[in-house]
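To keep things clear, I will list the structure first and then write my remarks on it.
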Amino acid sequence: QVQVEESGGGLVQAGGSLRLSCAASGRAFSTYTMGWFRQAPGKERGFIAAIDWSGTNTYYSDSLKGRFTISRDNAKNTVFLQMINLKPEDTAIYYCAASILAIPTMQIPEYDYWGQGTQVTVSP
């Protein structure tokens, strides 16, 4: 079993940047595909990015690719989401999740373990 906890959220002005972290505990973290999702008020949870166990293969939402970058450090059991040129519409709760699948996926049901989320607020 894997437990994940997000951090790094906060308030930022439009055009700014944030780096989210997701610390994982438990065995075999390095074998899990990891993903980032977000949920804005009144909207469904949506996929941002995923990365395979090795960090070699990544998968992005088409609408966010180029501004958001996912990476991982297996030695530190941590996954990152670097966000640049943030916009007010990026305001949401950001979630990290772990999947036992070997291939990065955007499908929410394929993720087995979820964090509690971290709030990101982008002001105009």
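The values are calculated or read from the model by the stated rules, or taken from the named source; none is laboratory data. Here the structure is a predicted model, which is why all the values come from computation and not from measurement. When we count neighbours, we look across all protein chains shown, and the Cβ atoms used for this are built from the backbone with ideal geometry, even at glycine. For the accessible areas, the whole protein counts, side chains as well, though only heavy atoms, and no ligand, DNA or RNA atoms are used. Shrake-Rupley method; radii C 1.70, N 1.55, O 1.52, S 1.80 Å.
I need the GluC sites (Glu not before Pro) found in the stretch 1-81, filtered to DSSP loop residues with at most 16 other beta carbons within 10 Å of theirs. Walk me through the numbers before you get to the answer.
Details: sites: 5, 6, 44; in loops: 44.
The qualifying sites are 44.
Rolled with a 1.4 Å probe across the full set of protein chains, the surface gives residue 108 an accessible area near 60 Å². Per residue, the accessible area of the chain comes to 52 Å² when a 1.4 Å probe rolls over the protein heavy atoms. Of the trypsin sites (Lys or Arg not before Pro) found in the stretch 42-124, those in coil by DSSP whose Cβ has at most 14 other Cβ atoms within 10 Å are 43.
Hey, any idea what the orientation-averaged projected area of the convex hull of the chain's Cα atoms comes to, in nm²? The partial results should precede the final answer.
Working: hull surface 27.0 nm².
Seen from a random direction, the Cα hull of the chain projects 6.8 nm² on average.
Projected onto planes of every orientation and averaged, the convex hull of the alpha-carbon atoms in the stretch 61-124 covers 5.2 nm².
In whole percent, and with a 1.4 Å probe on the protein chains, what portion of the accessible area of the stretch 10-60 is carbon and sulfur?
Values: 1250 of 2640 Å².
Here carbon and sulfur together make up 47 percent of the probe-accessible area.
In summary, the stretch 1-53 shows an alpha-carbon radius of gyration equal to 1.34 times the 2.2 N^0.38 Å reference for compact globular proteins.
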